[in-house]
Ligand SMILES: [Zn+2]
């Protein structure tokens with residue numbers, strides 16, 4: 001893309017940390033993660049994409065709480081009674097090129113064919129890690145979760 005500040009073709013700077021806006025309710029993390037690509041030359045914002053983050057940790061919490069309380073595997077856990085909080089969150093921008101095509105022949109063998117550079121698709125995405133804590137009556141259970149998604153570069157929203 002052309003950088004608006006210097007009017008030259010700009011390489012993407014992907015070093016900006018994604019912006020996270022997450023919340024937790026009953027063991028389920030929801031919110032958004034926004035990635036921005038800026039121009040390497042002048043730092044102008046060129047493209048962005050916002051991902052809807054959903055990390056369902058209810059099963060993990062039920063297991064963790066059963067273990068904490070020494071309950072049987074099939075015991076009911078009332079997550080409503082616990083107080084949830086995100087104790088740690090981090091995100092990084094991911095990037096990959098689709099450099100080859102694969103095709104499966106009739107006999108089952110997979111043929112890999114390189115894609116010429118100018119036709120390669122470029123993907124940008126986000127990887128989110130969270131640590132969530134549930135507490136009740138002085139007891140605490142901790143669970144980790146992650147989310148990952150990507151979008152084709154050409155499908156991102158342009159900011160210039
Ligand atoms: Zn520039």
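Bear in mind these aren't lab numbers, they're just calculated from the coordinates by the rules spelled out. Quantities reported herein were computed from a predicted structural model and do not represent experimental measurements. As a convention, Cβ positions derive from the backbone with ideal geometry for all residues, glycine included, and neighbour counts pool all protein chains shown.
Where Rh is the Kirkwood radius over the Cα pairs of segment 59-144, the temperature 37 °C and the viscosity 0.692 mPa s, what D in µm²/s does Stokes-Einstein return? Each step should come with its number before you reach the end.
Values: Rh = 17.2 Å.
For these conditions, the coefficient is 191 µm²/s.
With springs only between Cα atoms under 10 Å, which of 106, 136, 68 fluctuates most in a Gaussian network model of the chain?
In this elastic network of the chain, the residue with the biggest mean-square fluctuation among 106, 136, 68 is 106.
Treating the Cα atoms of the chain as identical point scatterers in vacuum, please give the log10 of the normalised Debye intensity I(q)/I(0) at q = 0.15, 0.18 Å⁻¹, two decimals.
Listed by q, the Debye log ratios stand at -0.86, -1.01.
What FRET efficiency do you get for residue 58 and residue 19 if R0 is 25 Å and r is their Cβ-Cβ distance, rounded to the nearest 0.05?
Details: r = 26 Å, r/R0 = 1.04.
Result of the calculation: an efficiency of 0.45.
To the nearest 0.05, what FRET efficiency results for residue 30 and residue 8 with a Förster distance of 35 Å applied to their C-beta separation? Spell out each step's value before the answer.
Working: r = 40 Å, r/R0 = 1.15.
Computed FRET efficiency for residue 30 and residue 8 comes out at 0.30.
Please give the FRET efficiency for residue 118 paired with residue 71, using the beta carbon to beta carbon distance and R0 = 45 Å, rounded to the nearest 0.05.
Values: r = 59 Å, r/R0 = 1.31.
The calculated FRET efficiency here is 0.15.
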